[in-house]
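Here the structure comes first, spelled out in structure tokens, and everything after it is commentary.
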Amino acid sequence: MNLGLVYILCIVAGLAIPVFDVIVGAVGGALDLDVDFDGDVGFDGPVSVNLMSISFSVVVFGAVGRLCLLFHLPGLVTALIGLAAGIAGGWAIGKYIIAPLKRNRSYAQGIMAQRWKEGTVKLEVRKDFVGTITVLSAVGSKVTYSAKPAPWVEENIPVGEEVLIVDVDEEKKICIVCPIGKAKEMKA
């Protein structure tokens, strides 16, 4: 088998594995191809090594090796240059892309953190029907939650009404709300 064909097969395989992973994930996740060798299993290496970084390394190895063949370098030299470039590429993507993404923490707060926050009714809140409200997240984006009126609220809460989340049913993931005007009356 010639070395040029090996490099092309590496490029194709390195590109096909992530595409296959996306397709399988979209179809229903029959196979879990997210193989991580960092942090999750007790091996805290200097960089994140997972299936995507390995695939990227294989693509870089194949591409750089194939490019080196164009300069008519000996086969062993092209393989060593390709290997060095593949390792460097895998290291770079692990250190500068995958590791920061894994450390990323969402600013979205859990439903329990919504107690005593203000929101706006988006779907009428009634005793016999679960409505929806929107609340601003820590970064200013709108988050939607299911909502029921507080026990002392007799009337329906219409769309657009400002409400106060007085309690949260964590099991059912429902905010218990009352109109802000009613909450102020109760305080007085």
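Here, each number is a calculation from the coordinates, and none is a lab measurement. Because the structure is a prediction, the values reported are computed rather than measured. Note: ideal-geometry Cβ built from the backbone for every residue, glycine included; neighbour counts use all protein chains shown.
Averaging the sequence gap over all C-alpha pairs within less than 8 Å and six or more residues apart, then dividing by the number of residues, gives region 111-187 a relative contact order of 33 percent. Here the gap between Met112 and Ala138, fully extended at 0.36 nm per residue and compared with their Cα-Cα distance, gives a gain of 7.9 nm. In plain terms, the chain from Lys95 to Phe71 could stretch by 5.6 nm, reckoned as 0.36 nm per residue minus the Cα-Cα distance. Could you point to the residue in Phe129, Pro151, Val166 farthest towards the positive end of region 111-187's charge dipole, with +1 and -1 charges on the Cβ of Lys/Arg and Asp/Glu respectively? Of Phe129, Pro151, Val166, it is Val166.
Would you give the gap between the C-alpha center of region 58-102 and the C-alpha center of region 140-170, rounded to a whole Å? Region 58-102 and region 140-170 have Cα centres separated by 55 Å.
Residue exposure proxy: Ile54, Ile87, ordered by other Cβ atoms within 10 angstrom of their Cβ from fewest to most, comes out as Ile87, Ile54. Using only side-chain charges placed at the Cβ, +1 for Lys and Arg and -1 for Asp and Glu, the dipole size of region 111-187 relative to its Cα centre rounds to 180 debye. Value of Rg to Rh for region 75-165, rounded to two decimals, is 1.46; Kirkwood radius and Rg both from alpha-carbon coordinates.
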